[in-house]
């Protein structure tokens, strides 16, 4: 019999834990895996019953996602020159020709501009506000902090109609600026509160040392506080980006053309030329990537950030 | 190097007064201790001198210049923090060179100065290490390095040994004092440890509740405490207080405890009231069976060369420090005498020491 230890789990409980973790990860990741695999199926494969787990991969979904196509008849087909590229060839097999690029590219770019733009703005304003709240004697500090928090006390969509009217009269409807401001407004309370917690944890002595060493307050903030707050800033940025990136309701309501983001656009793909599930799945897969990459890049900070301040040192 | 003059310095935080009009002078090159229990305003005073807090009123003169309302960066002083406050994202070398970089000093010169300081402190070997993994002593040395590299007008130190192990503290205190003797830089040092203050300081200011209680050399403060607070705070065990009632006029040189007349230094003023306190340090209490002032032995503590004997006397408990060779038994009743020239007399109501022929030099805050 092995020795009993208080801190070291036994081999059996380790095994059970591993199975549970694996099972949980599998269940959570299953929809994701299904979407990614559907993106590489052909149309018939994607709706076959029973569902196909093993299939011949195809990039038809991705081609359909990025192109607009039109159906052609037998006679016209004979007059066409041979397909110029692989995309043309794939489309031709379905009796169609490419008529131009789809709008997915620009919608995706809109998502990038609005998502990262609002995240940057939230973090920029949030860090400055959090620093001021953390370090200075701000009059009515507690009331102001509560006021900032109170913007989170109802779902943002509850104010959809006033915002819709405001945007209309200010000319912000369907503009990048409008969406960036809106998402910043929603995220700023989260950013201020999270970042204030992080900055509170940074001992004042570091800044005071910098002040003594001949730096100005702003230099001390930039050179001493910011590097220390990097962890907090990174994890706050991830939360802000995830919200702005995934936001659907306001995007449907306030954008239609120039500033439409990817979430309201992806469902519209279904309507083009029948129910094109591979194209929808391809769109969803590409849409997932930026946040996934961003999170993976910052994951060390994120993990530290989530547990930061949980334990008094 | 500079002289620091503090005049009527006062700091209020809302309705709380942290420092009440302190006045003292730190002479050029002095190692100056601000001593007191926590919350007495010593750190606030230090931070005001450094420019990290702005005083409510009062003047701070550093090297002949009034700086009370100037930002810290313009005062040319260095600060060593209790928790060292080394920039955690920089390595040792960059920590030490940070104050020089802010002045826009050329890189080659910075390198030279850092090397010079590292040599003084014996930390050449760790210059390229991150500060995170350093031992307490090395962190302390790096913090000192960052302070001395700039050759500032004065050093402020806020309990710099407080974060070290007891064993290592002794060693670091010696190192610090040696460094000061070598650099002869005006240093203001905050501590709550009276032993540290006595051991290292040229001058001591004792503070309590934001008030300067006494200002003097370690010996003056120990031998002739200006107040009962100082007498109690400095020395271990503390000074014995024997309350008694009596009218003492100017020129009196004895008190009566019970039936025993005890000789004291000659009084230079008339005591304000009948409630008085006789103060006697434990090492000035002698066991002498001939004396009619008697006490019963309650306990003894063996300390190697000496022992502390706790006695119950008519005017309260008395602790005596006597050679450990003397054999005493708990429960015995024994006579006590005091060394006359070392006794102090206090007015009980105000806690102030009465002026006698021996404590005329004492500065009362």
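Bear in mind these aren't lab numbers, they're just calculated from the coordinates by the rules spelled out. A quick note: this is a predicted structure, and the numbers were derived from the prediction, not measured. Quick reminder, even Gly has a Cβ in these numbers, built from the backbone with ideal geometry, and neighbours come from all protein chains shown.
Taking the simple approach of a point 7 Å from Cα along Cα-to-Cβ for both residue A:95 and residue B:340, what is their distance in nm?
13.1
In nm, what is the difference between 0.36 nm times the number of residues separating residue B:195 and residue B:315 and their Cα-Cα distance?
40.4 nm
Work out the mean other chain Cβ neighbour count within 10 Å for the residues of A:225-234 and drop it here as an integer.
Shielding by partners across A:225-234 averages 1.
Would you mind calculating the relative contact order of the stretch A:43-102 from Cα pairs under 8 angstrom and at least 6 residues apart, reporting the percent as a whole number?
Here the relative contact order equals 40 percent.
Measuring from a point 7 Å past the Cα of residue A:146 along Cα-to-C-beta, which residues in the stretch A:179-199 have an amide N at less than 17 Å?
Taking a point 7 Å out along Cα→Cβ of residue A:146, the residues of the stretch A:179-199 whose backbone N falls under 17 Å are A:193.
Provide the FRET efficiency to the nearest 0.05 for the residue A:14-residue A:86 pair, computing r from the beta carbons and using R0 = 56 Å.
0.70
Per DSSP H run of n ≥ 4, the term is -39500 (n - 2.57); total these for chain B, divide by its residue number, and report the mean residue ellipticity at 222 nm rounded to 500 deg cm²/dmol.
Taken over chain B, the calculation gives -7000 deg cm²/dmol.
Would you mind getting me the FRET efficiency between residue B:109 and residue A:219? Use the beta-carbon distance for r and R0 = 25 Å, nearest 0.05.
0.75
What's the extension gain from residue A:275 to residue A:55 if we count 0.36 nm per residue and subtract their Cα-Cα distance?
77.3 nm
Taking square-rooted eigenvalues a ≥ b ≥ c of the alpha carbon gyration tensor, is the protein assembly as shown rounded, prolate or oblate, where a/c under 1.5 means rounded and, failing that, a/b exceeding b/c means prolate?
Prolate is the answer for the protein assembly as shown, as a/c is 1.5 or above and a/b outweighs b/c.
What's the exposure ranking of B:90, A:254, A:289, going from fewest to most Cβ atoms within 10 Å?
Going from sparsest to densest Cβ surroundings: A:289, B:90, A:254.
Take residue A:29 and residue A:268, extend 7 Å from each Cα along the Cα→Cβ direction, and tell me the distance between the two endpoints in nm.
3.4
Which shape class, rounded, prolate or oblate, goes with the stretch B:159-293 when its Cα gyration tensor gives a ≥ b ≥ c as root eigenvalues, a/c under 1.5 marks rounded, and past that a/b bigger than b/c marks prolate?
prolate
Choose one answer from A:12, A:168, A:107: the residue with the largest mean-square fluctuation in a GNM of chain A with alpha-carbon springs under 10 Å.
A:12
When the label point is put 7 Å from the Cα of residue B:291 along its Cα-to-beta-carbon vector, which residues of the stretch B:249-266 have a backbone N closer than 20 Å?
Under 20 Å, as judged by backbone N against the label point of residue B:291, lie B:253-266 of the stretch B:249-266.
Which residue, B:329, B:296, B:184, tops the fluctuation ranking in a GNM of chain B built on C-alpha contacts under 10 Å?
B:329
Roughly what angle does helix B:92-102 make with the longest principal axis of chain B, taking Cα atoms, 0 to 90 degrees, to the nearest 10?
The helix B:92-102 is inclined about 80 degrees to chain B.
Using a 10 Å cut-off on Cβ atoms, rank the peptides B:254-265, B:22-33 from the highest mean neighbour count down.
Top to bottom by mean Cβ count within 10 Å: B:22-33, B:254-265.
Name the most mobile residue of A:63, A:138, A:225, meaning the one with the largest mean-square fluctuation, in a Gaussian network model of chain A with Cα contacts below 10 Å.
A:138
Report the gain in length on full extension from residue A:21 to residue A:249: 0.36 nm times residue separation, minus Cα-Cα distance, nm rounded to one decimal.
78.7 nm
With a ≥ b ≥ c the root eigenvalues of the C-alpha gyration tensor of chain A, is it rounded (a/c under 1.5), prolate (a/b larger than b/c) or oblate?
Oblate, since a/c reaches 1.5 and b/c is not below a/b.
Any chance you could give the angle, 0 to 90 degrees and rounded to 10, that helix A:11-39 forms with the longest Cα principal axis of chain A?
Roughly 50 degrees between the two axes.
What is the mean number of Cβ atoms from other protein chains located within 10 Å of the Cβ atom of each residue in peptide B:152-161, rounded to a whole number?
Mean number of neighbouring Cβ atoms from other chains: 1.
Taking only Cα atoms, what is the 0 to 90° angle, nearest 10, from helix A:104-135's long axis to the longest principal axis of chain A?
Rounded to the nearest ten degrees, it is 10.
Cut-off is 10 Å between beta-carbons; in what order do A:27, A:72 appear when sorted fewest neighbours first?
A:27, A:72
At a 10 Å Cβ-Cβ cut-off, how would you order B:61, A:34, fewest neighbours first?
Ordered from fewest to most neighbouring Cβ atoms within 10 Å, B:61, A:34 come out as A:34, B:61.
Please compute, for peptide A:211-223, the average count of beta-carbon atoms on other protein chains lying within 10 Å of each residue's beta-carbon.
Mean partner-chain Cβ count within 10 Å for A:211-223: 6.
Cα centroid distance between the stretch A:159-221 and the stretch B:195-242, in Å?
Between the Cα centre of the stretch A:159-221 and that of the stretch B:195-242, the gap is 51 Å.
What's the FRET efficiency of residue B:177 with residue B:360 using the Cβ-Cβ distance as r and R₀ = 35 Å, to the nearest 0.05?
Result of the calculation: an efficiency of 0.75.
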